[in-house]
Amino acid sequence: MTTTATTLRRSNDRKVTNAVTAGAGVKIANAFGLPSGKRYSCPGATSVCEEKCYAGNLENMRPAVRSLVLGNLEALQAAGTVDAMADLLQAMVDAFRKDCDNATRKGWTIKRAFRIHWDGDFFSTDYAMAWARVIAATPDVHFWVYTRSFTGTVDVMPIFDAMADRSNLSFYLSADRDNVTAAVAARKVYPWARWAWLAQTFADGLAEMPASDVKRYACPENAGRIELITPKGSACIRCGICPDARGDVIFSIGKR
Ligand code: SF4
């Protein structure tokens with residue numbers, strides 16, 4: 001008999017962690033994941049992202065990772081309502097904040113940054129609504145998220161658009177040549193979102209990514225210009241482009 005977990009589990013993602021040990025290990029887990037793919041939590045998956053889903057590959061390689069993210073999805077599905085899902089998410093974010101406070105008391109300089117979905121996506125509008133409530137209720141934590149759930153069966157954009165204050169949320173539309181039409185339509189209606197553009201090469205990304213009024217960057221970690229993690233911090237916290245929504249970002253499948 002399997003028992004559905006009643007708490008959500010955070011992940012130690014080396015690329016995004018907000019606190020790194022002297023030996024370049026992860027000190028605070030600041031990422032949340034769900035199982036990837038259309039079968040699980042990614043209703044907006046495209047053929048381009050399915051071809052090279054690094055998070056999905058990690059699930060396949062590591063049964064413990066698959067078990068953790070599956071447990072998170074089962075817990076949320078068992079919770080069912082927006083209120084119950086928000087309670088689970090809030091408890092997880094509160095535990096993250098407590099870890100940050102403990103580290104701060106020990107003299108660490110901590111940015112309270114939390115990555116929603118290092119793996120997976122918004123699988124339903126109710127689930128997105130639960131996150132919107134938690135983000136609104138937690139102004140002392142900065143969240144960042146990338147999503148393809150802006151087209152097809154699940155469109156989360158109206159939910160985040162309706163938030164009175166998005167100042168603690170950096171929001172990226174994950175897009176590629178397969179969902180470009182829907183992505184352009186979404187960005188037109190929701191100009192506060194940014195591109196996270198996936199292409200075969202950075203040059204392809206530059207050519208494919210529609211123009212916008214913000215600066216465009218090639219992800220420096222993906223391009224091999226900065227390390228995944230060092231004793232000074234993880235790539236994303238040192239870089240800051242996505243957590244701070246500084247501009248549109250291109251990711252290359254071929255890393256060239
Ligand atoms: S652009 Fe910077 S913040 Fe965004 S994914 Fe790459 S390293 Fe992380």
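Remark: for residue pairs Lys27/Lys111; Lys98/Lys215; Lys38/Lys111, the C-alpha separation exceeds 24 Å in Lys98/Lys215; Lys38/Lys111.
Scan the chain and report its longest stretch carrying no chymotrypsin sites (Phe, Trp or Tyr not before Pro) that are both in a DSSP loop and have at most 16 other Cβ atoms within 10 Å. Provide the component values of the computation, followed by the final result.
Working: sites that count: Trp108, Trp192.
Longest run free of exposed loop sites: 1-107.
Its Cα centre serving as origin, the chain has a Cβ charge dipole (Lys and Arg +1, Asp and Glu -1) of approximately 900 debye. Remark on Phe114: its backbone amide H falls under 5 Å from those of His142, Phe143, Trp144, a criterion applied only to residues 5 or more positions apart or on other chains, H modelled at 1.01 Å from N. What fraction of the DSSP beta bridges in region 10-252 is antiparallel, stated in percent and rounded to the nearest 5? DSSP beta bridges in region 10-252 are roughly 25 percent antiparallel. In the chain, what percent of the accessible surface is made up of carbon and sulfur (1.4 Å probe, ligands and nucleic acids excluded)? It is 52 percent, rounded to a whole number. The modelled label-to-label distance between Ala211 and Ala24, using points 7 Å beyond Cα along the C-beta direction, is 4.1 nm. When the Gaussian network model of the chain links Cα atoms closer than 10 Å, the mean-square fluctuations of Val48, Val134, Val214 top out at Val214.
For the chain, the solvent-accessible area with a 1.4 angstrom probe is 46 square angstrom per residue. Taking trypsin sites (Lys or Arg not before Pro) across region 1-66, the ones in a DSSP loop with at most 10 further Cβ atoms lying within 10 angstrom of their Cβ are Arg39. In a fully extended conformation the segment linking Trp192 and Asp140 would gain 16.7 nm over its present Cα-Cα distance, using 0.36 nm per residue.
Anisotropy class assigned to the chain is rounded, per the alpha carbon gyration tensor with a/c under the 1.5 cut-off.
Net length available on complete extension from Glu74 to Asp161 is 28.6 nm, with 0.36 nm assigned per residue and the Cα-Cα distance removed.
Over the chain, DSSP H runs of length four or greater, each weighted -39,500 (n - 2.57), average out per residue to a 222 nm ellipticity of -11000 deg cm²/dmol.
The values are calculated or read from the model by the stated rules, or taken from the named source; none is laboratory data. These numbers were taken from a predicted model, which means no experiment stands behind them. Neighbour counts run over all protein chains shown; Cβ positions are idealised from the backbone, glycine included. These area figures cover heavy atoms from the full protein model, side chains too; ligands, DNA and RNA do not enter into them. Shrake-Rupley method; radii C 1.70, N 1.55, O 1.52, S 1.80 Å.
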